[in-house]
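Undergrad: So that we are looking at the same thing, I have put the structure below in structure tokens.
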Amino acid sequence: MVQGIIIPADNTAPLTAATLDSLEDYQRAVGGWFEAVDIPDLGVTMYVNEEGLIRDLAFNRRATFLWRFQVPQARDARLVGDVAVVGLTDEEGENTELPIEFGRRMLGPGIYRVRTRQRGESEWHEEPIDRDDYLETVIWAALLQEMAPALEVQIGHVEDGANESNQP
């Protein structure tokens, strides 16, 4: 039994916690056969419908930009349909629990801010808008990254000052 999060393709639908016990649970979550999309820096695997593009499923903006921000090589890719997120697989190939901090960011309350700096510079600049939704902050950060490749981009949790970068 693995606890995960469902990111609906419908941007107005909330993220939901889900227990994923079996193959059928994953299939139900994504609406069919699935394939894995790993985000190693976050310690998560996203499961997507493997026929989603062929079936013309709805664009999943939140999952796509989460992937693009963390895996810049994926900038031309897009994820469609509902997405199930769990922890990376273990040595036996079994899914694991979501990292606690990732689950907190995704489902819990928080205020997030984007910080940028020119590559090679030491000073970070804070963007003027705080957001109360982690994935909306990720979308903004990913767009900044794509539009200005010379920028390094981080996301900070305003209350604790912690920063997350997509850089290893």
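The values are calculated or read from the model by the stated rules, or taken from the named source; none is laboratory data. It should be emphasised that the depicted structure is a prediction, and the values quoted were computed from it without experimental measurement. Neighbour counts run over all protein chains shown; Cβ positions are idealised from the backbone, glycine included. Just the protein is used for accessible areas: all its heavy atoms, side chains included, with ligands, DNA and RNA removed. Shrake-Rupley method; radii C 1.70, N 1.55, O 1.52, S 1.80 Å.
Undergrad: Considering the stretch 71-95 alone, what residues qualify as being among the β-branched types (Val, Ile, Thr) and at pLDDT below 95?
TA: The answer is 71, 89.
Undergrad: Report yes if residue 119 is modelled with pLDDT under 95, open to solvent by 20 Å² or more (accessible area, probe 1.4 Å) and either in contact with a Leu (Cβ under 6 Å, 6 or more places away or on another chain) or basic (Lys, Arg) (or both), otherwise no.
TA: Here the answer is yes, as residue 119 does meet what is asked.
Undergrad: Can you tell me which residues in the stretch 2-24 are touching a residue at least 12 places away in the same chain (Cβ under 8 Å) and either part of a helix (DSSP H, G or I) or under 21 Å from residue 70 (Cα atoms) (or both)?
TA: Passing the criteria: 4, 5, 6, 7, 8, 9, 11, 15.
Undergrad: Would you check which residues across the stretch 19-38 are hydroxyl-bearing (Ser, Thr, Tyr) and within 20 Å of the chain's Cα centre (by Cα) and list them?
TA: Once the filter is applied, which keeps residues that are hydroxyl-bearing (Ser, Thr, Tyr) and within 20 Å of the chain's Cα centre (by Cα), the stretch 19-38 yields 19, 26.
Undergrad: Quick one: in the stretch 82-108, of everything that is open to solvent by less than 50 Å² (accessible area, probe 1.4 Å) and in a helix (DSSP H, G or I), which residue is farthest from residue 28 (Cα to Cα)?
TA: So the residue we want is 105.
Undergrad: Kindly evaluate residue 68 against the criterion of being in contact with a Pro (Cβ under 9 Å, 6 or more places away or on another chain), in a helix (DSSP H, G or I) and touching a residue at least 12 places away in the same chain (Cβ under 8 Å).
TA: No.
Undergrad: Assess whether residue 27 counts as being open to solvent by 80 Å² or more (accessible area, probe 1.4 Å) and part of a helix (DSSP H, G or I).
TA: no
Undergrad: Would you point out the residue of the stretch 122-159, among those that are in a helix (DSSP H, G or I) and among the small types (Gly, Ala, Ser), that is surrounded by the fewest Cβ atoms within 10 Å (Cβ to Cβ)?
TA: 142
Undergrad: Can you pull out the residues in the stretch 40-78 that are more than 19 Å from residue 104 (Cβ to Cβ), among the β-branched types (Val, Ile, Thr) and open to solvent by less than 20 Å² (accessible area, probe 1.4 Å)?
TA: Of everything in the stretch 40-78, those that are more than 19 Å from residue 104 (Cβ to Cβ), among the β-branched types (Val, Ile, Thr) and open to solvent by less than 20 Å² (accessible area, probe 1.4 Å) turn out to be 48, 64.
Undergrad: Here's another thing I want to ask about it. Name the residues in the stretch 30-55 that are among the charged types (D, E, K, R) and either in a strand (DSSP E or B) or touching a helix residue (DSSP H, G or I) at 6+ places or on another chain (Cβ under 9 Å) (or both), would you? Give the derivation first.
TA: Of all residues in the stretch 30-55, those among the charged types (D, E, K, R) come to 35, 38, 41, 50-51, 55.
Within the stretch 30-55, 35, 38, 41, 50 meet the criteria.
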